[in-house]
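The values are calculated or read from the model by the stated rules, or taken from the named source; none is laboratory data. Since the model is a prediction, treat every value here as computed from it, not as a measurement. Heads up, the Cβs are rebuilt from the backbone with ideal geometry, glycines too, and the neighbour counts pull from every protein chain shown. Calculation scope for accessible area: heavy atoms of the full protein, side chains included, ligands and nucleic acids excluded. Shrake-Rupley method; radii C 1.70, N 1.55, O 1.52, S 1.80 Å.
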Amino acid sequence: MRRLALFLLVPLALLGIALARTGGPARPSADPAVPGWRTLPSGLELGSFLVDAHPVAGDGRITALRIDPERFRLRLSVARTRSDARTAVGWLESDAPVLAAMNATMFEPDDVTASSKLVADGYANQPNASADNSFLAFDPPRMFDHTCEVVPQTPNIVQGIRMMGCGGVNTWAPQSRIWSEAAIGQDAEGRILLVFARTPWPMHTFVEHARVTGAVRLQHADGGPPAQIAWRDGDRVQGLVGSYETGVAERDDDVTAWPIPNLLGVVAR
């Protein structure tokens, strides 16, 4: 991950936009005592799952949004300059049709260009594919593993590090580094999953925990402090942000959402 250089280069002014503007760092709306899914007023489903009773940091939970592609479509927000970057919560606050949002993919130290292929409505923010093996193409939304499937050429595509590929195999090798995580997934019924964990785990462990959402495909969107997710719960916008990353930000007290250059959003059809 190209996080240390990015962490040092992001202007402090960008880090000043906090979730306090919406009443402080939000927690999952799902009742922690009742794990599983609940339907939000928008029709999206919010899941909260306790998967680690004794985490090194955070609440030990996987939070996820489940998206029925028959009822909702995906949209990309892609910055063309640094000043266009925004937070997931900020996008929902400024664009009423957007019901949920999360990181789309990692980005370079210029705070604009995606680290892997990213095309939004035909606009190529990053036209060149990296060595990463996972792709989310839409519309309709579908995840592809480049090692076992042909990736289509579509006007909207997001490439990322493969975490769970063909056959639902966990493809992230065990390692000691840990970080907060935002990941994009798909279940066996074709529903898109936005999966978030503030609690830092090794990514091999995160993938195993993420199976609780029903995911059979999973790709890395971003990790550490930039990771974030937001959703509408009635007339309220809620959000969660990442904090911990080994060697970069080894703490669990960050409640500041980073403005980031690419976001994956959800709108009604």
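Every residue in the range 111-169 that is out of contact with any Ser or Thr (no Cβ under 6 Å at 6 or more places or on another chain) and of a type in the set (V, I, T), please. Within the range 111-169, V112, T113, V119, T147, V150, V151, T154, I157, I161, V169 qualify. When the range 254-269 is filtered for residues that are in a loop (DSSP other than H, G, I, E, B) and either open to solvent by less than 30 Å² (accessible area, probe 1.4 Å) or among the hydroxyl-bearing types (S, T, Y) (or both), the ones remaining, listed by number, are D254, A257, W258, P259, P261.
The set of residues in the range 168-177 being outside any loop (DSSP other than H, G, I, E, B) and in contact (Cβ under 8 Å) with a residue 40 or more places away in the chain consists of G168 alone. Can you confirm whether the range 136-153 contains a residue that is in contact with an Asp or Glu (Cβ under 8 Å, 6 or more places away or on another chain) and part of a strand (DSSP E or B)? Within the range 136-153, not a single residue is in contact with an Asp or Glu (Cβ under 8 Å, 6 or more places away or on another chain) and part of a strand (DSSP E or B). The single residue among Q175, Q186, Q228 that is under 30 Å from T81 (Cβ atoms), polar (S, T, N, Q) and either open to solvent by 10 Å² or more (accessible area, probe 1.4 Å) or under 11 Å from the mean Cα position of the chain (by Cα) (or both) turns out to be Q228. Would you be able to say whether some residue in the range 81-97 is touching a strand residue (DSSP E or B) at 6+ places or on another chain (Cβ under 8 Å), at pLDDT 95 or above and in a strand (DSSP E or B)? Looking for residues that are touching a strand residue (DSSP E or B) at 6+ places or on another chain (Cβ under 8 Å), at pLDDT 95 or above and in a strand (DSSP E or B), one finds at least one in the range 81-97, hence yes. Scanning the range 212-236 for residues that are in a strand (DSSP E or B) and out of contact with any helix residue (DSSP H, G or I) (no Cβ under 7 Å at 6 or more places or on another chain) gives A215, R217, Q219, H220, A221, D222, G223, W231, D233, R236. Evaluation of R66 against the conditions (1) assigned to a strand (DSSP E or B); (2) under 20 Å from T256 (Cα atoms) shows that the sole unmet condition is (2).
This table checks each residue for (1) modelled with pLDDT of 95 or more; (2) touching a Gly at 6+ places or on another chain (Cβ under 6 Å).
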position: V212; (1), (2): yes, no
position: P225; (1), (2): yes, yes
position: I229; (1), (2): yes, no
position: R236; (1), (2): yes, no
position: G242; (1), (2): yes, yes
position: T256; (1), (2): no, no
position: L263; (1), (2): yes, no
position: V267; (1), (2): yes, no
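Given the structure, is S180 touching a residue at least 12 places away in the same chain (Cβ under 8 Å), under 19 Å from I192 (Cβ atoms) and among the hydroxyl-bearing types (S, T, Y)? No: the conditions fail for S180.
Results for (1) open to solvent by 30 Å² or more (accessible area, probe 1.4 Å); (2) of a type outside the set (G, A, S), shown as yes or no for each residue.
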position: S77; (1), (2): no, no
position: A88; (1), (2): no, no
position: A104; (1), (2): no, no
position: E108; (1), (2): yes, yes
position: V112; (1), (2): no, yes
position: V119; (1), (2): no, yes
position: N125; (1), (2): no, yes
position: F135; (1), (2): no, yes
position: P140; (1), (2): yes, yes
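Go through the range 231-253 and give me each residue that's open to solvent by less than 10 Å² (accessible area, probe 1.4 Å) and out of contact with any strand residue (DSSP E or B) (no Cβ under 8 Å at 6 or more places or on another chain). Listed by number, the list holds a single entry, A249.
Screening D145 with (1) closer than 19 Å to R73 by Cβ; (2) open to solvent by less than 20 Å² (accessible area, probe 1.4 Å) gives one miss only, at (1).
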